[in-house]
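Undergrad: Below is one structure. I have some questions about it.
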Amino acid sequence: MSVATVAFASAAAADACAGAPLPVLGRDVSVPLVTGGEVGYAALDYAASAPALQRVWDDVAAYAPYYGSVHRGAGYLSQLSTDLFENSRSTIAAFLGCREDHQVVFTRSTTDSLNLLAAALPAGCEVFVFETEHHASLLPWRDATVTYLDAPRTPRQAVETLERALAVRDAAGPALVCVTGASNVTGELWPVAELAATAHAHGARIVLDAAQLAPHHPVDIVALDVDWVAFSGHKLYAPFGSGVLAGRSDWLQDAEPYLAGGGASRQVSRRADGGVDVEWHSTAARHEAGSPNVIGAYSIAAACKALTEAGFDSLVEREQALIAKVRAGLAEVDAVRVLSLFGDEAPRVGVISFVVEGWNSSHFAAALSAEYGIGVRDGLFCAHPLVRTLLGGDPQDQGECGAPEGEPGGASLNAIRVSFGAGTPDEHVERFVTAVKELVRDGARWNYRTENGRCVPAV
């Protein structure tokens, strides 16, 4: 039996029953409350980093004793590790529905994947990107001619905006559209297939930032008709710092290696003039110089396999029930405004951002943590233009904890984000809704102060 088989089989019995959350690390962790005692930690910041699936952790632990160098090693463990690394590539390709001529390149993250693609753009490439993107997909295109598109207010408007922008470009040159699959701020699903059809109708290619989509919905690169997909392991219940760029190979094969070094080169020789000639790989290895992160790659493959076996239909159904529960609870609080581009009826994943009238968002998030053991996120979520659009202006200057500076009950400094997924118990979202209602009704039970720009409990 191969190591891959041993590892994948090691946690087969750990999958959750239908309708129950998938087991994740940290589900039994307790945290102290400033008001006394402890409570089970409610991890509701999945959009930043999802907890590792227990299945993934067990698979990695089963492989760990066999860990060895990847590629070129003659030893048994090196050969096993190389097989595991390349089998992980195949597992991820199947998870994404890749074609045989596609490449799956291992990177460090979504950000790294999109910077790799940016470095591989052909000369003169134009890039079209909505201002609503996460910074990972908004900022890498520094060496290209970039058109930033205004935030749409409906999915149809997104398609029409892209159509108008592409219609006036020089169709003879290369072009790339970059779009998110699900917003990391609002959770709303974007019309990816329609945007891909629009891009291709105008001779452009499209890359999908699936960082927030892949953990919640199946992503089929052929069905969506996108040219590349980028995502991160740490959002897909797989730690260890690895990411993926998958899709068409031609631009990647034609580009200079993302990193120059061992593994990317097929052959290196000295020239008579003292220089060096290099023949680079044409496979994914071309952009994977250095010792590969085999554990990171394997953890992503293990997560892909676990989610597939759990069944996305049941995972989506359960998550939609959690979304409905959170949105219904927040709707009962007049002081809460949920942020949205496409409106209340838009399909979405388990990512919800909101503001609370009269509250500094950092203060509110700190109180959720310190008084209720609930971990959420506050800020601009590495999507500054989008959050500012949704808030209706630039955030105010940071004041002391409490209401924002300026008019009493004025706009929040930023927003609060609650996010959840396949490992979230019902109790966590129920506790969150109860905590929001109590904080708005009764106020915080503890004093808070500003430290390094954040609200923290005053000791």
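We did not get these values from a lab; they are worked out from the coordinates using the rules stated. This structure is a prediction, so every number in the text was calculated from the model and none was measured. Positions of Cβ are generated from backbone atoms using ideal geometry, with glycine treated the same way; all protein chains shown enter the neighbour counts.
Undergrad: Under 1.5 on a/c is rounded, so check that first for the stretch 29-182, then, if it is not, pick prolate when a/b is larger than b/c and oblate when it is not; a ≥ b ≥ c are the square roots of the alpha carbon gyration tensor eigenvalues.
TA: Since a/c reaches 1.5 but b/c is at least a/b, the shape of the stretch 29-182 is classed as oblate.
Undergrad: So what's the back-of-envelope 222 nm ellipticity for the chain, counting only DSSP H runs of four-plus at -39500 (n - 2.57) apiece and dividing by all residues, rounded to 500?
TA: Working: 14 runs with 158 residues, N = 459.
Only helices count here, giving -10500 deg cm²/dmol.
Undergrad: Report, in whole Å, the centroid distance computed from the Cα atoms of the stretch 88-161 and the stretch 433-459.
TA: 38
Undergrad: Give the angle, between 0 and 90 degrees and rounded to the nearest 10, that separates the Cα long axis of helix 155-167 from the longest principal axis of the Cα atoms of the chain.
TA: Here the helix axis deviates by roughly 40 degrees.
Undergrad: Work out how much length residue 283 to residue 313 would gain on full extension: take 0.36 nm times their residue separation and subtract the Cα-Cα distance, in nm to one decimal.
TA: Taking 0.36 nm per residue and subtracting the Cα distance, the gain is 7.4 nm.
Undergrad: According to the square roots a ≥ b ≥ c of the eigenvalues of the Cα gyration tensor, what is the shape class of the stretch 57-308, taking rounded for a/c under 1.5, prolate for a/b larger than b/c otherwise, and oblate for the remainder?
TA: Oblate is the answer for the stretch 57-308, as a/c is 1.5 or above yet b/c matches or exceeds a/b.
Undergrad: Tell me, what ³J(HN,Hα) does each residue in the stretch 281-289 have, in order and in whole Hz, if you take phi through Karplus 6.51 cos²θ - 1.76 cosθ + 1.60 with θ = phi - 60° and put x for Gly and Pro?
TA: Once rounded to whole Hz, the list reads 5, 9, 8, 4, 4, 3, 10, 10, 4.
Undergrad: Go ahead and run the numbers for FRET between residue 451 and residue 172, Cβ-Cβ distance against an R0 of 51 Å, rounding to 0.05.
TA: 0.35
Undergrad: In whole Hz and in residue order, list the ³J(HN,Hα) couplings for the stretch 419-426 that follow from phi through the Karplus curve 6.51 cos²θ - 1.76 cosθ + 1.60, θ = phi - 60°; x for Gly and Pro.
TA: 8, 7, x, 5, x, 8, x, 4
Undergrad: Just the number, please: percent antiparallel of the DSSP beta bridges in the stretch 311-457, rounded to the nearest 5.
TA: Working: 14 of 14 bridges.
Roughly 100 percent of the beta bridges in the stretch 311-457 run antiparallel, per DSSP.
Undergrad: Could you state the angle between the C-alpha long axis of helix 312-331 and the longest principal axis of the C-alpha atoms of the chain, as a value from 0 to 90 degrees rounded to the nearest 10?
TA: Long axis of 312-331 versus the principal axis of the chain: about 30 degrees.
Undergrad: Could you let me know the centre-to-centre spacing of the stretch 246-263 and the stretch 18-55, using Cα atoms, in angstrom?
TA: Value for the Cα centre distance between the two parts: 39 Å.
Undergrad: Round to the nearest 10 and give me the degree value, 0 to 90, for the angle of helix 110-119's Cα axis relative to the longest principal axis of the chain.
TA: 40
Undergrad: Treating the Cα atoms of the stretch 311-457 as identical point scatterers in vacuum, please give the log10 of the normalised Debye intensity I(q)/I(0) at q = 0.09 Å⁻¹, two decimals.
TA: Each listed q corresponds, in turn, to -0.27.
Undergrad: Which ³J(HN,Hα) values in Hz, rounded to whole numbers, follow from the phi angles of the stretch 84-89 under the Karplus curve 6.51 cos²θ - 1.76 cosθ + 1.60, where θ = phi - 60° and Gly and Pro get x?
TA: Working through the residues one at a time gives 5, 4, 6, 5, 4, 4 Hz.
Undergrad: Let me ask another. In nm, to one decimal, how far is the modelled label at residue 153 from the one at residue 222, with both set 7 Å along Cα→Cβ?
TA: 4.0
Undergrad: With a 10 Å Cβ neighbour count serving as the proxy for reagent exposure, in which order, fewest first, do 271, 417 appear?
TA: 271, 417
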